Amino acid sequence: MAGFWGKRKREEQAAQAAQDADLARKAEQALVAADERIRTAGDELAFAEAELGLSLTKDLTAALDAVRTHLREAFQLHQLNHDEIPDTDEELRTRDARIVQLCEWAEDLLDEKTSALAESIAKVRRAPQVREKVRSDAERLSARLPQAREIVERLATRYADSALNQIHNSADEAEQLIAFATHGADVAERRRAAKQNEEANLALETATEAIRRVGALLDAVEDFEIEALRAESTLAEVVADSRGDIIAARNAPKVPAVTEATTELEKALESLAPSGSRNDPFAELTRLRTANTALDDAIAKAQYRIQNPLPSIAQVQHSLDDADRQLGVARGLISGHRGWIGADARTRFAEAERLRIDIPELMADEDTREQALSGARRVAQLAAEALQLAQRDIDSARPQQQQQDWGGGWGGGRRGGGGDVMGGIMGGLVIGSILDGIFD
């Protein structure tokens, strides 16, 4: 039997030794690969600095410094594994694992930072093509300027100045941006020739953005005419709908809100520019839509109020008084038996008190008075639930012997005298709720 266990132990030791040897080889290979990666990254950094400048390559510079610092630790650990001082297998294994970890981290970090610069370097290499595209786009967009000015002049005879504010100066602004973009491309070329790569990149990027804005400005001029015609068509539909709403408002409930909204809509219709004159269809459409929507909302609110009469302040106050009574009873019971009251009763009581705080602020405003009434009733309901749960907790926590003593002492085998008292309290609260309904 001893021979079996001895053989098994030798096999485990041989397997562990093979794993340790494989880890040691992996550590050596990782050290070599990481060291070569650092050298390659250094060459890439030098090229990137020449192409992009120092500011755009600072992340790679910092990463390379960090990697070099940590790789010195890896070389030191490898040296400790091969010096004249004997080490245990566990120490060798720990050091090799740390070497592998450091080397893998170093390569991952350098790969991440060099990949981030790849797009910037590619952009620099495409700089000549980008400059030529900026110049060709500038020439093409310049040819569209006369057409844009013609469109603005034609629209000025039909639409008011307020409608044309967004495109009135678009052609002039586009012309200035074209000149700026062309100048930026020239500056980028000169800075590139002078090896001032950071400034060259900045100038080329601003020139490209200027060309993009020119295209957007000229497109907006051409699209404006279509949008204006669409706004005029929509305006005609809204005018017809508004006139129909004014007629329908005559049969709506006669309340101040409906009358005021109807007057505002009539004013909006009267303010429309006469047919054939210069107008601002966008502003007119916005004003008419706002007035039309306000009238619809006023009529809907008035009709709802007829079907659901607004409670009076006295009704809300009566419900609130009833809720305060129930809160007072629950508060007294919970305060007098704090050690016996569970979480459910406390939670409902706390929620009732929280809801009670906001009710007075909601009573005065007609828009929130219904919410105040429902809130008061909710407070009363929560207080009643808290009271029931608190009594249940008290009954379950009261010692059985004490209940028996109470039953004998009160005569005739009546038990739970406290329960009879609570029954009276609950009955009073129920009667209060019924009386509350009389005043609603």
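Taking all protein chains in place and a 1.4 Å probe, what share, in percent, of the accessible surface of the chain do carbon and sulfur account for? Of the solvent-accessible surface of the chain, carbon and sulfur hold 54 percent. Identify, among Pro128, Ala188, Leu177, the residue whose Cα sits farthest towards the positive end of the charge dipole of the range 123-207, taking +1 on the Cβ of Lys and Arg and -1 on the Cβ of Asp and Glu, with the dipole about the Cα centre. In the range 123-207, that residue is Pro128. Pair-distance distribution P(r) for the range 1-152, from all Cα-Cα distances in 5 Å bins starting at 0: 1, 8, 13, 11, 10, 9, 8, 7, 6, 5, 4, 4, 3, 3, 2, 2, 1, 1, 1, 0, 0, 0 percent. Among Thr263, Thr206, Thr94, the residue with the largest mean-square fluctuation in a Gaussian network model of the chain, with springs joining Cα atoms closer than 10 Å, is Thr94. Each of Ala350 and Glu132 was given a label point 7 Å from its Cα along the Cα-to-Cβ line. The distance between the two points is 7.4 nm.
Within the listed set Glu104, Glu270, Glu84, the residue fluctuating most in the Gaussian network model of the chain (springs between alpha-carbon atoms under 10 angstrom) is Glu84.
With a Förster radius of 51 Å applied to the C-beta separation of Ile306 and Ser162, the computed FRET efficiency comes to 0.80.
Structural size metrics of the range 132-281, computed from C-alpha coordinates, are Rg and Dmax of 24.3, 81 Å. Per residue, the chain exposes an accessible area of 59 Å² to a 1.4 Å probe, with every protein chain left in place. Between Ala291, Ala352, Ala50, the GNM of the chain built on Cα springs shorter than 10 angstrom shows Ala352 fluctuating the most. One decimal place: the segment His70-Glu209 gains 45.8 nm when fully extended, by the rule 0.36 nm per residue minus the C-alpha distance.
For the chain, the mean residue ellipticity at 222 nm estimated from helices alone is -30000 deg cm²/dmol, where every DSSP H run of n ≥ 4 contributes -39500 (n - 2.57) and the total is divided by all residues, rounded to the nearest 500.
Each residue was assigned an accessible area with a 1.4 Å probe, and for Glu36 the value is about 100 Å².
Once a ≥ b ≥ c are taken as the square roots of the eigenvalues of the Cα gyration tensor of the range 336-400, is the result rounded (a/c under 1.5), prolate (a/b larger than b/c) or oblate (a/b not larger than b/c)? Here the range 336-400 falls in the prolate category.
Calculated on the Cα set of the range 245-393, radius of gyration then Dmax: 24.8, 84 Å.
Equivalent-ellipsoid semi-axes for the range 165-250 (Cα gyration tensor, √(5λ), whole Å, largest first): 50, 11, 8.
If you wrap a convex hull around the Cα atoms of the range 275-328, how much volume per residue is inside, in Å³?
In the range 275-328, the Cα hull volume divided by residue count equals 120 Å³.
What is the calculated FRET efficiency for Arg25 to Phe47, with r their C-beta to C-beta distance and R₀ = 51 Å, to the nearest 0.05? Efficiency for this residue pair is about 0.95.
Computed from the Cα positions only, the extents of the range 297-367 along the three principal axes stand at 56, 22, 19 Å, in decreasing order. Here r is the Cβ-Cβ distance between Lys195 and Ser115 and R0 is 25 Å; the resulting FRET efficiency, rounded to 0.05, is 0.45. Relative to the Cα centre, the charge distribution of the chain, modelled as +1 at Lys and Arg Cβ and -1 at Asp and Glu Cβ, gives a dipole magnitude of about 1120 debye. Summarising the overall dimensions of the chain from its C-alpha atoms, the Rg and Dmax are 42.5, 114 angstrom. Within the chain, the selection of entire DSSP H helices by a Cα span of 30 Å or greater along the long axis and an average Kyte-Doolittle value of at least -1.0 returns 2-52, 58-81, 89-125, 170-193, 197-249, 281-307, 313-336, 343-363, 366-397, 417-438.
The values are calculated or read from the model by the stated rules, or taken from the named source; none is laboratory data. Keep in mind it's a predicted model, so treat the numbers as computed, not measured. All Cβ positions, even for glycine, are placed from backbone atoms using ideal geometry, and neighbour counts span all protein chains on display. Heads up: the accessible areas ignore ligands, DNA and RNA and are worked out on the full protein's heavy atoms, side chains in. Shrake-Rupley method; radii C 1.70, N 1.55, O 1.52, S 1.80 Å.
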